[in-house]
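The values are calculated or read from the model by the stated rules, or taken from the named source; none is laboratory data. The structure displayed is predicted, hence computed values, not measured ones. Here the Cβ positions follow ideal geometry from the backbone for every residue, glycine too, while neighbour counts run over all protein chains shown. Accessible surface is based on the protein model in full, side chains and every heavy atom, while ligands, DNA and RNA are left aside. Shrake-Rupley method; radii C 1.70, N 1.55, O 1.52, S 1.80 Å.
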Amino acid sequence: MTMPNQTASDIPYMQQALDLARQGEGHVSPNPLVGCVIVNNGTIVGRGFHQRFGGPHAEVHALRDAGPSARGAVLYVTLEPCSHTGKTPPCADAVIAAGLSRVVAAMRDPNPLVAGQGLARVAAAGIAVTVGVCEEDARKLNEAFIRHITTGRPFVTLKSAITLDGKIATRTGASQWITGEPARQAGHRLRHAMDAILVGLGTVLHDNPQLTARLPDQPSVNPLRVIVDSTLQVPLHAHVVDVAPERRTLIATTARAATEAVAQLQARGVEVVRLPAYDDGRVDLDALCRTLGERGIASLLVEGGATLSATLLQRRLVDKVLFFVAPKIIGGDGLSAVGSCGIETMAQVIRLRDITTQRLGDDVVFEAYLAR
(Lines give C-alpha, C1' and ligand atoms only; values in the text may rest on other atoms or scores of the structure.)
Protein backbone atom coordinates (compact mmCIF):
# COMPACT_ATOMS: atom_id res chain seq x y z
CA MET A 1 0.00 0.00 0.00
CA THR A 2 2.63 2.48 -1.08
CA MET A 3 3.11 4.91 -3.93
CA PRO A 4 5.32 2.94 -6.42
CA ASN A 5 2.26 1.56 -8.28
CA GLN A 6 0.87 5.03 -8.95
CA THR A 7 -0.01 5.69 -12.61
CA ALA A 8 0.06 8.92 -14.63
CA SER A 9 -3.74 9.17 -14.64
CA ASP A 10 -4.16 8.75 -10.87
CA ILE A 11 -3.72 12.42 -10.00
CA PRO A 12 -6.35 13.91 -12.37
CA TYR A 13 -8.91 11.28 -11.35
CA MET A 14 -8.20 11.90 -7.66
CA GLN A 15 -8.54 15.64 -8.19
CA GLN A 16 -12.02 15.01 -9.60
CA ALA A 17 -12.83 12.97 -6.50
CA LEU A 18 -11.61 15.87 -4.31
CA ASP A 19 -13.85 18.30 -6.22
CA LEU A 20 -16.82 16.00 -5.63
CA ALA A 21 -16.02 15.76 -1.92
CA ARG A 22 -16.29 19.54 -1.51
CA GLN A 23 -19.95 19.38 -2.47
CA GLY A 24 -20.66 17.91 0.95
CA GLU A 25 -19.48 21.05 2.79
CA GLY A 26 -21.91 22.08 5.50
CA HIS A 27 -23.84 18.79 5.40
CA VAL A 28 -21.68 15.88 6.64
CA SER A 29 -19.82 17.00 9.77
CA PRO A 30 -18.60 15.54 12.06
CA ASN A 31 -18.01 12.99 9.31
CA PRO A 32 -15.28 13.75 6.76
CA LEU A 33 -15.75 15.14 3.27
CA VAL A 34 -15.27 12.25 0.84
CA GLY A 35 -15.51 12.01 -2.94
CA CYS A 36 -15.21 8.98 -5.22
CA VAL A 37 -14.91 8.27 -8.94
CA ILE A 38 -14.84 4.87 -10.65
CA VAL A 39 -12.93 4.46 -13.90
CA ASN A 40 -13.19 1.54 -16.33
CA ASN A 41 -10.89 1.43 -19.38
CA GLY A 42 -10.19 5.15 -19.17
CA THR A 43 -13.85 6.20 -18.82
CA ILE A 44 -15.48 7.48 -15.63
CA VAL A 45 -18.44 5.18 -15.04
CA GLY A 46 -19.38 6.23 -11.49
CA ARG A 47 -19.30 9.33 -9.34
CA GLY A 48 -20.34 9.94 -5.76
CA PHE A 49 -19.74 11.97 -2.64
CA HIS A 50 -20.80 11.84 1.00
CA GLN A 51 -23.92 14.01 0.86
CA ARG A 52 -25.22 14.12 4.42
CA PHE A 53 -24.36 12.91 7.90
CA GLY A 54 -25.84 9.48 8.45
CA GLY A 55 -26.35 8.88 4.73
CA PRO A 56 -24.52 6.52 2.34
CA HIS A 57 -20.79 7.15 1.94
CA ALA A 58 -19.15 8.31 -1.26
CA GLU A 59 -18.11 4.82 -2.38
CA VAL A 60 -21.68 3.54 -2.14
CA HIS A 61 -23.02 6.42 -4.25
CA ALA A 62 -20.31 5.87 -6.87
CA LEU A 63 -20.82 2.10 -6.98
CA ARG A 64 -24.58 2.59 -7.45
CA ASP A 65 -23.86 5.06 -10.23
CA ALA A 66 -21.46 2.64 -11.94
CA GLY A 67 -23.63 -0.46 -11.62
CA PRO A 68 -22.18 -3.51 -13.45
CA SER A 69 -19.47 -1.29 -14.99
CA ALA A 70 -17.69 -1.28 -11.62
CA ARG A 71 -16.47 -4.86 -12.16
CA GLY A 72 -12.79 -4.75 -13.08
CA ALA A 73 -12.65 -0.97 -12.70
CA VAL A 74 -10.45 1.32 -10.61
CA LEU A 75 -11.99 3.18 -7.66
CA TYR A 76 -10.54 6.54 -6.61
CA VAL A 77 -11.55 7.75 -3.15
CA THR A 78 -10.27 10.69 -1.11
CA LEU A 79 -10.27 8.76 2.17
CA GLU A 80 -9.71 5.11 3.01
CA PRO A 81 -12.93 3.04 2.81
CA CYS A 82 -14.31 2.47 6.30
CA SER A 83 -14.04 -0.97 7.86
CA HIS A 84 -16.55 -0.65 10.70
CA THR A 85 -20.30 -0.47 11.08
CA GLY A 86 -21.53 2.94 12.18
CA LYS A 87 -24.64 4.58 10.77
CA THR A 88 -23.89 2.66 7.55
CA PRO A 89 -22.28 -0.74 6.77
CA PRO A 90 -18.51 -0.96 6.06
CA CYS A 91 -17.62 0.53 2.68
CA ALA A 92 -14.67 -1.87 2.39
CA ASP A 93 -17.14 -4.76 2.08
CA ALA A 94 -19.09 -2.99 -0.67
CA VAL A 95 -15.86 -2.28 -2.54
CA ILE A 96 -14.83 -5.94 -2.36
CA ALA A 97 -18.26 -7.18 -3.46
CA ALA A 98 -18.21 -4.90 -6.52
CA GLY A 99 -15.32 -6.84 -8.08
CA LEU A 100 -13.00 -3.88 -8.59
CA SER A 101 -9.48 -4.48 -9.82
CA ARG A 102 -7.81 -1.62 -7.92
CA VAL A 103 -8.50 0.93 -5.19
CA VAL A 104 -6.63 4.25 -5.01
CA ALA A 105 -7.02 6.21 -1.76
CA ALA A 106 -5.66 9.68 -1.11
CA MET A 107 -4.98 8.94 2.56
CA ARG A 108 -5.57 6.51 5.38
CA ASP A 109 -8.42 7.30 7.74
CA PRO A 110 -7.09 8.75 11.05
CA ASN A 111 -10.20 7.46 12.84
CA PRO A 112 -8.89 4.83 15.31
CA LEU A 113 -11.84 2.61 14.30
CA VAL A 114 -10.38 2.41 10.77
CA ALA A 115 -6.68 3.40 10.77
CA GLY A 116 -5.61 1.26 7.81
CA GLN A 117 -7.97 -1.65 8.43
CA GLY A 118 -10.22 -0.77 5.50
CA LEU A 119 -7.36 -0.81 2.99
CA ALA A 120 -5.92 -3.95 4.56
CA ARG A 121 -9.27 -5.72 4.13
CA VAL A 122 -9.44 -4.64 0.47
CA ALA A 123 -5.87 -5.79 -0.17
CA ALA A 124 -6.51 -9.13 1.53
CA ALA A 125 -9.34 -9.71 -0.96
CA GLY A 126 -6.79 -9.57 -3.78
CA ILE A 127 -7.56 -6.03 -4.94
CA ALA A 128 -4.52 -3.87 -5.78
CA VAL A 129 -4.24 -0.88 -3.46
CA THR A 130 -2.46 2.46 -3.82
CA VAL A 131 -2.52 5.07 -1.05
CA GLY A 132 -1.10 8.59 -0.91
CA VAL A 133 -2.23 10.13 -4.23
CA CYS A 134 -2.93 13.86 -3.63
CA GLU A 135 -2.59 13.20 0.09
CA GLU A 136 -1.64 16.79 0.97
CA ASP A 137 -4.79 18.10 -0.73
CA ALA A 138 -6.92 15.47 0.99
CA ARG A 139 -5.52 16.34 4.40
CA LYS A 140 -6.21 20.03 3.90
CA LEU A 141 -9.74 19.26 2.74
CA ASN A 142 -10.41 17.34 5.96
CA GLU A 143 -8.21 19.28 8.37
CA ALA A 144 -11.16 19.85 10.71
CA PHE A 145 -12.16 16.19 10.72
CA ILE A 146 -8.57 15.11 11.38
CA ARG A 147 -8.18 17.57 14.26
CA HIS A 148 -11.48 16.53 15.84
CA ILE A 149 -11.12 12.75 15.43
CA THR A 150 -7.56 12.74 16.84
CA THR A 151 -7.89 15.30 19.68
CA GLY A 152 -11.60 15.64 20.44
CA ARG A 153 -11.35 19.41 19.87
CA PRO A 154 -12.60 21.52 16.97
CA PHE A 155 -10.28 22.93 14.33
CA VAL A 156 -10.29 26.69 15.06
CA THR A 157 -10.03 29.25 12.26
CA LEU A 158 -9.56 32.91 13.22
CA LYS A 159 -11.06 35.11 10.50
CA SER A 160 -10.91 38.88 10.25
CA ALA A 161 -11.49 41.60 7.68
CA ILE A 162 -8.75 44.20 8.14
CA THR A 163 -7.19 47.24 6.53
CA LEU A 164 -3.61 47.19 5.31
CA ASP A 165 -2.52 48.58 8.70
CA GLY A 166 -4.35 45.86 10.66
CA LYS A 167 -7.51 47.73 11.73
CA ILE A 168 -11.01 46.29 11.91
CA ALA A 169 -12.81 49.62 12.45
CA THR A 170 -12.29 53.35 12.85
CA ARG A 171 -12.04 54.89 16.31
CA THR A 172 -15.84 55.39 16.25
CA GLY A 173 -16.39 51.71 15.50
CA ALA A 174 -17.35 52.15 11.84
CA SER A 175 -16.45 49.00 9.89
CA GLN A 176 -18.94 48.64 7.01
CA TRP A 177 -17.42 47.84 4.69
CA ILE A 178 -13.70 47.25 4.99
CA THR A 179 -13.58 44.60 2.28
CA GLY A 180 -15.42 44.37 -1.04
CA GLU A 181 -18.29 42.14 -2.12
CA PRO A 182 -16.14 39.19 -3.34
CA ALA A 183 -14.42 38.95 0.04
CA ARG A 184 -17.72 39.22 1.91
CA GLN A 185 -19.23 36.42 -0.18
CA ALA A 186 -16.16 34.29 0.57
CA GLY A 187 -16.85 34.91 4.24
CA HIS A 188 -20.41 33.63 3.87
CA ARG A 189 -19.18 30.50 2.05
CA LEU A 190 -16.81 29.97 4.95
CA ARG A 191 -19.68 30.19 7.44
CA HIS A 192 -21.67 27.70 5.35
CA ALA A 193 -18.82 25.17 5.61
CA MET A 194 -18.30 25.56 9.38
CA ASP A 195 -20.02 23.74 12.25
CA ALA A 196 -19.99 26.75 14.58
CA ILE A 197 -19.13 30.45 14.63
CA LEU A 198 -17.80 32.19 17.75
CA VAL A 199 -17.97 35.84 18.83
CA GLY A 200 -17.79 37.69 22.12
CA LEU A 201 -20.38 39.85 23.84
CA GLY A 202 -18.71 43.03 22.57
CA THR A 203 -19.35 42.08 18.95
CA VAL A 204 -23.01 41.34 19.73
CA LEU A 205 -23.49 44.67 21.53
CA HIS A 206 -21.72 46.78 18.91
CA ASP A 207 -22.64 45.10 15.60
CA ASN A 208 -25.75 43.05 16.46
CA PRO A 209 -24.73 40.47 13.82
CA GLN A 210 -26.94 37.69 12.52
CA LEU A 211 -23.98 35.29 12.17
CA THR A 212 -25.75 33.38 9.40
CA ALA A 213 -24.55 32.16 6.01
CA ARG A 214 -26.16 33.95 3.08
CA LEU A 215 -25.19 32.59 -0.33
CA PRO A 216 -26.72 33.90 -3.56
CA ASP A 217 -26.33 30.72 -5.62
CA GLN A 218 -27.26 27.86 -3.28
CA PRO A 219 -29.19 27.07 -0.07
CA SER A 220 -27.07 27.96 2.93
CA VAL A 221 -26.45 25.97 6.08
CA ASN A 222 -26.05 28.12 9.18
CA PRO A 223 -23.38 27.29 11.74
CA LEU A 224 -24.20 27.01 15.42
CA ARG A 225 -23.84 30.54 16.83
CA VAL A 226 -21.65 30.50 19.95
CA ILE A 227 -21.48 33.63 22.11
CA VAL A 228 -18.99 34.14 24.93
CA ASP A 229 -20.73 36.18 27.63
CA SER A 230 -19.28 35.78 31.12
CA THR A 231 -22.11 37.56 32.98
CA LEU A 232 -24.96 37.04 30.48
CA GLN A 233 -25.47 40.63 29.35
CA VAL A 234 -26.64 39.79 25.82
CA PRO A 235 -29.82 41.79 25.03
CA LEU A 236 -33.02 39.85 24.41
CA HIS A 237 -33.57 41.87 21.21
CA ALA A 238 -30.22 40.82 19.69
CA HIS A 239 -30.32 38.93 16.40
CA VAL A 240 -28.47 35.98 17.96
CA VAL A 241 -31.38 35.49 20.38
CA ASP A 242 -33.71 35.03 17.40
CA VAL A 243 -33.62 31.23 17.41
CA ALA A 244 -35.21 28.80 14.96
CA PRO A 245 -34.42 25.23 13.83
CA GLU A 246 -32.12 26.67 11.16
CA ARG A 247 -30.65 29.36 13.48
CA ARG A 248 -29.37 27.86 16.73
CA THR A 249 -27.51 29.73 19.45
CA LEU A 250 -25.39 28.59 22.38
CA ILE A 251 -24.18 31.11 24.97
CA ALA A 252 -21.16 30.18 27.07
CA THR A 253 -21.24 31.88 30.45
CA THR A 254 -19.95 31.40 34.00
CA ALA A 255 -21.31 30.98 37.52
CA ARG A 256 -21.61 34.77 37.69
CA ALA A 257 -24.60 34.75 35.32
CA ALA A 258 -27.93 35.54 36.98
CA THR A 259 -30.42 32.68 37.12
CA GLU A 260 -33.18 34.96 35.83
CA ALA A 261 -31.11 35.87 32.76
CA VAL A 262 -30.50 32.19 32.04
CA ALA A 263 -34.22 31.44 32.27
CA GLN A 264 -35.15 34.32 29.94
CA LEU A 265 -32.74 33.15 27.26
CA GLN A 266 -33.75 29.52 27.57
CA ALA A 267 -37.38 30.57 27.14
CA ARG A 268 -36.34 32.01 23.76
CA GLY A 269 -34.77 28.70 22.74
CA VAL A 270 -31.18 29.74 23.42
CA GLU A 271 -28.96 27.08 24.99
CA VAL A 272 -26.97 28.43 27.94
CA VAL A 273 -23.91 26.54 29.19
CA ARG A 274 -22.07 27.49 32.39
CA LEU A 275 -18.32 26.89 32.11
CA PRO A 276 -15.30 27.45 34.36
CA ALA A 277 -13.72 30.89 34.34
CA TYR A 278 -10.18 32.17 34.05
CA ASP A 279 -8.73 34.10 37.00
CA ASP A 280 -10.04 37.36 35.52
CA GLY A 281 -13.60 36.00 35.53
CA ARG A 282 -13.94 35.49 31.79
CA VAL A 283 -15.14 32.22 30.24
CA ASP A 284 -12.44 29.56 30.06
CA LEU A 285 -11.99 29.16 26.29
CA ASP A 286 -10.06 25.92 26.72
CA ALA A 287 -13.12 24.45 28.45
CA LEU A 288 -15.36 25.88 25.73
CA CYS A 289 -13.36 24.16 22.98
CA ARG A 290 -13.49 20.86 24.84
CA THR A 291 -17.26 21.21 25.32
CA LEU A 292 -17.86 22.00 21.66
CA GLY A 293 -15.71 19.05 20.60
CA GLU A 294 -17.72 16.73 22.82
CA ARG A 295 -20.86 17.95 21.04
CA GLY A 296 -19.48 16.96 17.64
CA ILE A 297 -18.34 20.42 16.58
CA ALA A 298 -15.36 19.72 14.33
CA SER A 299 -14.83 23.20 12.87
CA LEU A 300 -15.09 26.54 14.66
CA LEU A 301 -14.91 29.92 12.92
CA VAL A 302 -13.95 32.87 15.12
CA GLU A 303 -15.20 36.30 14.01
CA GLY A 304 -14.77 38.05 17.33
CA GLY A 305 -13.07 41.27 18.28
CA ALA A 306 -9.59 42.10 19.49
CA THR A 307 -9.92 40.70 23.04
CA LEU A 308 -11.38 37.31 22.06
CA SER A 309 -8.84 36.91 19.24
CA ALA A 310 -5.93 37.76 21.52
CA THR A 311 -7.03 35.31 24.22
CA LEU A 312 -7.43 32.46 21.74
CA LEU A 313 -4.00 33.19 20.26
CA GLN A 314 -2.39 33.44 23.68
CA ARG A 315 -3.88 30.11 24.71
CA ARG A 316 -2.69 28.54 21.43
CA LEU A 317 -6.26 27.51 20.63
CA VAL A 318 -6.14 28.82 17.04
CA ASP A 319 -5.13 26.44 14.24
CA LYS A 320 -5.41 28.73 11.23
CA VAL A 321 -5.82 32.44 10.51
CA LEU A 322 -7.67 33.93 7.54
CA PHE A 323 -7.15 37.68 7.17
CA PHE A 324 -9.08 39.40 4.41
CA VAL A 325 -6.87 42.44 3.80
CA ALA A 326 -8.25 45.53 2.06
CA PRO A 327 -6.01 48.16 0.40
CA LYS A 328 -7.14 50.81 2.89
CA ILE A 329 -5.50 52.62 5.80
CA ILE A 330 -7.25 53.89 8.94
CA GLY A 331 -4.33 54.89 11.16
CA GLY A 332 -3.23 54.48 14.73
CA ASP A 333 -6.50 55.51 16.38
CA GLY A 334 -8.40 52.70 14.65
CA LEU A 335 -9.40 49.46 16.37
CA SER A 336 -6.86 46.66 15.99
CA ALA A 337 -7.78 43.14 14.89
CA VAL A 338 -5.86 41.53 17.77
CA GLY A 339 -5.59 42.91 21.30
CA SER A 340 -2.70 42.65 23.71
CA CYS A 341 -1.02 39.24 23.77
CA GLY A 342 1.53 40.18 26.44
CA ILE A 343 4.41 39.93 23.96
CA GLU A 344 7.51 41.90 24.90
CA THR A 345 10.28 40.41 22.75
CA MET A 346 10.52 39.08 19.21
CA ALA A 347 11.31 35.67 20.66
CA GLN A 348 7.74 35.59 22.05
CA VAL A 349 5.89 36.43 18.85
CA ILE A 350 3.24 34.09 17.50
CA ARG A 351 4.70 32.56 14.35
CA LEU A 352 2.83 31.41 11.27
CA ARG A 353 3.67 28.81 8.62
CA ASP A 354 2.42 27.46 5.30
CA ILE A 355 1.35 30.90 4.11
CA THR A 356 -0.78 31.30 1.00
CA THR A 357 -2.49 34.33 -0.56
CA GLN A 358 -5.41 34.78 -2.94
CA ARG A 359 -6.76 37.85 -4.71
CA LEU A 360 -10.49 38.60 -4.32
CA GLY A 361 -11.34 41.76 -6.22
CA ASP A 362 -9.23 44.53 -4.70
CA ASP A 363 -8.65 42.52 -1.51
CA VAL A 364 -6.13 39.82 -0.65
CA VAL A 365 -6.87 36.77 1.51
CA PHE A 366 -3.94 35.83 3.70
CA GLU A 367 -4.11 32.22 5.00
CA ALA A 368 -1.61 30.72 7.41
CA TYR A 369 -1.33 28.08 10.11
CA LEU A 370 0.03 28.61 13.60
CA ALA A 371 3.45 27.12 14.14
CA ARG A 372 3.37 24.62 16.98
Within segment 271-310, the residues that are closer than 28 Å to residue 32 by Cα and aliphatic (A, V, I, L, M) are 273, 285, 287, 288, 292, 297, 298, 300, 301, 302
Flagged in segment 188-212 as touching a residue at least 40 places away in the same chain (Cβ under 8 Å) and within 23 Å of residue 29 (Cα to Cα), in numbering order, are 190, 191, 192, 193, 194, 195, 196, 197, 198, 199, 211
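Results for (1) modelled with pLDDT of 90 or more; (2) open to solvent by 20 Å² or more (accessible area, probe 1.4 Å), shown as yes or no for each residue.
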site: 51; (1), (2): yes, yes
site: 61; (1), (2): yes, yes
site: 67; (1), (2): yes, yes
site: 77; (1), (2): yes, no
site: 102; (1), (2): yes, yes
site: 107; (1), (2): yes, no
site: 114; (1), (2): no, no
Filter pass, residue 347 being among the hydrophobic types (A, V, I, L, M, F, W, C), open to solvent by 30 Å² or more (accessible area, probe 1.4 Å) and at pLDDT 95 or above: no
| said: For the structure I just gave you, tell me whether residue 279 is exposed (fewer than 14 other Cβ atoms within 10 Å of the Cβ), at pLDDT below 95 and touching a Lys or Arg at 6+ places or on another chain (Cβ under 8 Å). | reply: no
Those residues of segment 292-314 which are of a type outside the set (A, V, I, L, M) and in a helix (DSSP H, G or I) amount to 293, 294, 307, 309, 311, 314
Expected output for segment 307-322 (first residue in contact (Cβ under 8 Å) with a residue 24 or more places away in the chain, partner buried (at least 18 other Cβ atoms within 10 Å of the Cβ) and in a helix (DSSP H, G or I), Cβ below 7 Å, 6+ apart or cross-chain) is 311/285; 312/285; 315/285; 317/285; 317/289; 318/312; 319/147
Among residues of segment 151-175 being among the polar types (S, T, N, Q) and open to solvent by 60 Å² or more (accessible area, probe 1.4 Å), the residue nearest to residue 333 (Cα to Cα) is 172
Among the residues of segment 306-344, the number that are in contact with a strand residue (DSSP E or B) (Cβ under 8 Å, 6 or more places away or on another chain), open to solvent by 40 Å² or more (accessible area, probe 1.4 Å) and either at positive phi or small (Gly, Ala, Ser) (or both) is 2
Just one listed residue, out of 39, 28, is assigned to a strand (DSSP E or B) and without any contact (Cβ under 8 Å) to a residue 40 or more places away in the chain, and it is 39
Consider residue 48 carefully, then state whether it is of a type outside the set (A, V, I, L, M, F, W, C), assigned to a strand (DSSP E or B) and touching a residue at least 24 places away in the same chain (Cβ under 8 Å). yes
| message | Suppose the filter is closer than 30 Å to residue 13 by Cα, at pLDDT 95 or above, surrounded by 15 or more Cβ atoms within 10 Å (Cβ to Cβ) and in contact with a Gly (Cβ under 8 Å, 6 or more places away or on another chain); does residue 148 pass it? | response | yes
Of all helices (runs of 4 or more DSSP H) fully inside segment 101-177, the set with 1 or more residues that are of a type in the set (Gly, Ala, Ser) and without any contact (Cβ under 8 Å) to a residue 12 or more places away in the chain is 117-124
Going through segment 196-215 in order, the residues found to be modelled with pLDDT under 95, open to solvent by less than 50 Å² (accessible area, probe 1.4 Å) and under 18 Å from the mean Cα position of the chain (by Cα) are 211, 212, 213, 215
Pairing a residue in segment 281-304 that is without any contact (Cβ under 8 Å) to a residue 40 or more places away in the chain and hydroxyl-bearing (Ser, Thr, Tyr) with any residue that is surrounded by 19 or more Cβ atoms within 10 Å (Cβ to Cβ) and in a loop (DSSP other than H, G, I, E, B), where Cβ atoms lie under 9 Å and the two sit 6 or more apart in sequence or on different chains, gives 291/297
Flagged in segment 147-168 as under 17 Å from residue 297 (Cα atoms) and touching a helix residue (DSSP H, G or I) at 6+ places or on another chain (Cβ under 8 Å), in numbering order, are 148, 151, 152, 153, 154, 155, 156, 157, 158
